[in-house]
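The block underneath contains the structure these notes are about, expressed in structure tokens.
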Amino acid sequence: MTATTAKIRGPRLQVLTPRLAERHPQDGWELADPIVLSDASRRALRGLIAALLPPPPAPRPEGMDERVETHVRRMAAYMPVGLRLGFVLITRVLDWSPLWRLQSFKPIHALPPAVGSKVLAGIATSYWLPLRLMMLAPKAMIL
């Protein structure tokens, strides 16, 4: 039997007519609520956002920090629980990184964004791989 003379056996597939995919909110899909963070974790996240977002010559509309924070907290709702807890822990550890890097006695959220950015850049360019990897998740979520 050749390919041109072979008969197809089995059930026939239903052919659907193409249509436009509806987008949120018309299709009924609802976005997850942002995760609830403690005040300390929220301050740490806000400090990381302020330090990681580009400085003022870059466009930074009003309310950008709040929108990024809501986006990060909403994305964390889709993470498995262990990963979510790890992200919050890394956020808190990075917030206190000026202290354990011996650069300041204040956490990142209490420092000016330019100083916090330098501390985080030092972590991201560290020779020690586990230290560099600590910056992977926050940079991926915020930037």
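Read-outs: derived from the displayed coordinates by stated rules, not from any lab. Quantities reported herein were computed from a predicted structural model and do not represent experimental measurements. FYI the Cβ positions are ideal-geometry reconstructions off the backbone, even for glycines, and counts take in every protein chain you see.
Summing charges over all other residues whose Cβ lies under 10 Å from the Cβ of residue 43, with Lys and Arg as +1 and Asp and Glu as -1, gives +1. The stretch between residue 118 and residue 77, if pulled fully straight at 0.36 nm per residue, gains 11.8 nm over its current Cα-Cα span. A DSSP coil position with no more than 12 other Cβ atoms inside 10 Å describes the following GluC sites (Glu not before Pro) in the range 30-99: 30, 62.
When 71, 109 are arranged by Cβ crowding within 10 Å, least crowded first, meaning fewest neighbours, the order is 71, 109.
Among 126, 97, 117, what is the fewest-to-most ranking by other Cβ atoms within 10 Å?
126, 117, 97
Within the range 81-143, the trypsin sites (Lys or Arg not before Pro) that combine a DSSP coil assignment with at most 14 other C-beta atoms in a 10 angstrom radius are 101.
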